[in-house]
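Below: one structure, written as structure tokens.
The values are calculated or read from the model by the stated rules, or taken from the named source; none is laboratory data. Please read these numbers as outputs of a predicted model, since none were measured by experiment. Cβ sites come from the backbone with ideal geometry, for glycine too, and all protein chains shown count toward neighbours.
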Amino acid sequence: MPSHLLSIDALDRDAVDHLIRIAGRMEPIAQRRKVTRVLEGAVLGNLFFEASTRTRISFNAAFCRLGGSVCDTTGFTFSSMAKGESLYDTSRVMGGYVDAIVMRHPEQGSVAEFAEATRVPVINGGDGPGEHPSQALLDVYTITKEFARLGKPLAGAHLLLTGDLKYGRTVHSLIKLLSLFDPLRITLVSPPGLEMPQPLIDRVASRGHRIEIRPSLADDFSDVDVIYATRIQRERFTTEMTESFQELTADYVVDRGFLDRRCNASTFVMHPLPRDSRPGANDLSVDLNGDPRLAIFRQTDNGIPMRMAIFAHLLKVEEEIDRDLRDVRWYVPETFGVDDPAL
Ligand code: NCD
């Protein structure tokens, strides 16, 4: 793996398996049973020029749980980019201050351009509709854990990706990452105008995966193992798209009724979050809360060990983590959420 994490393009299957293995070793720390200080003294620069809750906080928490500290900046308003500073200058300056950088920016390609000006590891936390590689890694980590829990093999699995497949950067990184695995069946369902970009479909198909496109969720999905739903990325719509886009109908909603009627008992549901819970948004339904088939909070929890793994790997301390583990001394609840299902 190169010194930055900018795109799934730079990863091969061995690198992915390696990160999954390290993430597994991070679990006792992420679950707050053990403490490590392998990154003691190291500083992370978190540069978020777009809205974020999970990605920013989980990168921050992951770095802290390895013993490092974090400098955070959010939005353009309070950064010198508002004064016309280039990505090059900001990058070189930050490189002198911190040991790793996570950046989220609204323009596709911007994080890669930023990374060109520094040797300090840069992680792409989302570049417009481009990519979100750490999300895809935690998604695949979640998929492998869920399949292991269900006692099912991943080879030949059937995944349904639905929602905004055009502007959703998480699904762009995810489908690239899935293409590194043994042949899978991937079904795509998106509202008209929000289809997965054709080059991505071609690339995945050329690697031996079976891709199917269906017009809506009003169909039989009883052999689907995983549903990956996404939010409509209205903030990325062109004016023309905003004017022509029809509100989502119930034909695209993943809810309890859809799972009960059209899927099977072990189908589980993922979503990168946030889900739009406002009335009429027709995003992933809250009526699945507390249902063990809803894996979204196991998925967000998995963001911590996977992001710890990414830092440990980029900063070359992955062999040190088991060394000075100590027990946690503070109160930790049995489950993190009040509705967490017993599995
Ligand atoms: C996503 C993002 O920002 O790309 N969220 C995330 O990082 N988990 C998805 C979204 O905004 O819909």
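Flag: Phe59 does not match the condition of being away from the ligand (no atom under 16 Å from the Cβ) and either surrounded by 19 or more Cβ atoms within 10 Å (Cβ to Cβ) or assigned to a loop (DSSP other than H, G, I, E, B) (or both). Name the one entry in Glu319, Glu334 that is surrounded by fewer than 18 Cβ atoms within 10 Å (Cβ to Cβ) and in the same structural domain as Pro121 (by TED's automatic domain parsing). Result of the check over Glu319, Glu334: Glu319. All conditions in (1) modelled with pLDDT of 95 or more; (2) not assigned by TED's automatic domain parsing to the domain that holds Ala117 hold for Arg33, with the sole exception of (2). Can you find even one residue in the stretch 123-135 that is of a type in the set (D, E, K, R), touching a residue at least 12 places away in the same chain (Cβ under 8 Å) and more than 14 Å from the ligand (Cβ to nearest atom)? Within the stretch 123-135 (the criterion being of a type in the set (D, E, K, R), touching a residue at least 12 places away in the same chain (Cβ under 8 Å) and more than 14 Å from the ligand (Cβ to nearest atom)), the answer is no, since none of the residues qualifies. Do we find a residue being within 16 Å of the ligand (Cβ to nearest atom), in contact with a strand residue (DSSP E or B) (Cβ under 6 Å, 6 or more places away or on another chain) and not in a loop (DSSP other than H, G, I, E, B) anywhere in the stretch 265-275? Within the stretch 265-275, one or more residues are within 16 Å of the ligand (Cβ to nearest atom), in contact with a strand residue (DSSP E or B) (Cβ under 6 Å, 6 or more places away or on another chain) and not in a loop (DSSP other than H, G, I, E, B).
Would you pick out the residues in the stretch 205-249 that are among the β-branched types (Val, Ile, Thr) and under 19 Å from the mean Cα position of the chain (by Cα)? Passing the criteria: Val226, Ile227, Thr230, Ile232.
Among the conditions (1) surrounded by 14 or more Cβ atoms within 10 Å (Cβ to Cβ); (2) hydroxyl-bearing (Ser, Thr, Tyr); (3) more than 16 Å from Leu161 (Cβ to Cβ), the only one that Ser206 does not satisfy is (1). Taking Asp283 as the residue in question, decide whether it is charged (D, E, K, R) and in contact (Cβ under 8 Å) with a residue 60 or more places away in the chain. Judged against the criteria, Asp283 is a match. Determine whether Gly257 is at pLDDT below 90 and either basic (Lys, Arg) or surrounded by fewer than 17 Cβ atoms within 10 Å (Cβ to Cβ) (or both). Criteria not met by Gly257. For Gly151, the requirement of being within 16 Å of the ligand (Cβ to nearest atom) and at pLDDT 95 or above is not met. Each residue in the stretch 186-203 was checked for being within 23 Å of Glu240 (Cα to Cα), touching a Phe, Trp or Tyr at 6+ places or on another chain (Cβ under 9 Å) and surrounded by 14 or more Cβ atoms within 10 Å (Cβ to Cβ), and 4 pass. Determine if the stretch 200-208 includes at least one residue that is within 16 Å of the ligand (Cβ to nearest atom) and assigned by TED's automatic domain parsing to the domain that holds Phe268. Checking the stretch 200-208: at least one residue is within 16 Å of the ligand (Cβ to nearest atom) and assigned by TED's automatic domain parsing to the domain that holds Phe268.
Could you go through the stretch 38-54 and let me know if any residue there is touching a residue at least 60 places away in the same chain (Cβ under 8 Å), surrounded by fewer than 17 Cβ atoms within 10 Å (Cβ to Cβ) and more than 16 Å from the ligand (Cβ to nearest atom). The answer is no, given that none of the residues of the stretch 38-54 is touching a residue at least 60 places away in the same chain (Cβ under 8 Å), surrounded by fewer than 17 Cβ atoms within 10 Å (Cβ to Cβ) and more than 16 Å from the ligand (Cβ to nearest atom).
Whenever a residue of the stretch 12-26 is under 13 Å from Val140 (Cβ atoms) and touching a residue at least 12 places away in the same chain (Cβ under 8 Å), its partners that are polar (S, T, N, Q) and assigned to a helix (DSSP H, G or I), lying with C-beta atoms within less than 9 angstrom and at least six residues away or across chains, give the pairs Ile20/Thr144; Ala23/Asn302. Considering only residues in the stretch 219-243 that are crowded, with 21+ Cβ neighbours inside 10 Å and within 11 Å of the ligand (Cβ to nearest atom), the one that is farthest from Leu150 (Cα to Cα) turns out to be Ile232. Pick from Ser7, Ser91, Ser80, Ser52: which is more than 24 Å from His271 (Cα to Cα), of a type outside the set (D, E, K, R) and in contact with a strand residue (DSSP E or B) (Cβ under 8 Å, 6 or more places away or on another chain)? One residue alone meets the criteria, Ser91.
Number of residues in the stretch 284-302 that are surrounded by fewer than 17 Cβ atoms within 10 Å (Cβ to Cβ) and not in a loop (DSSP other than H, G, I, E, B): the value is 3.
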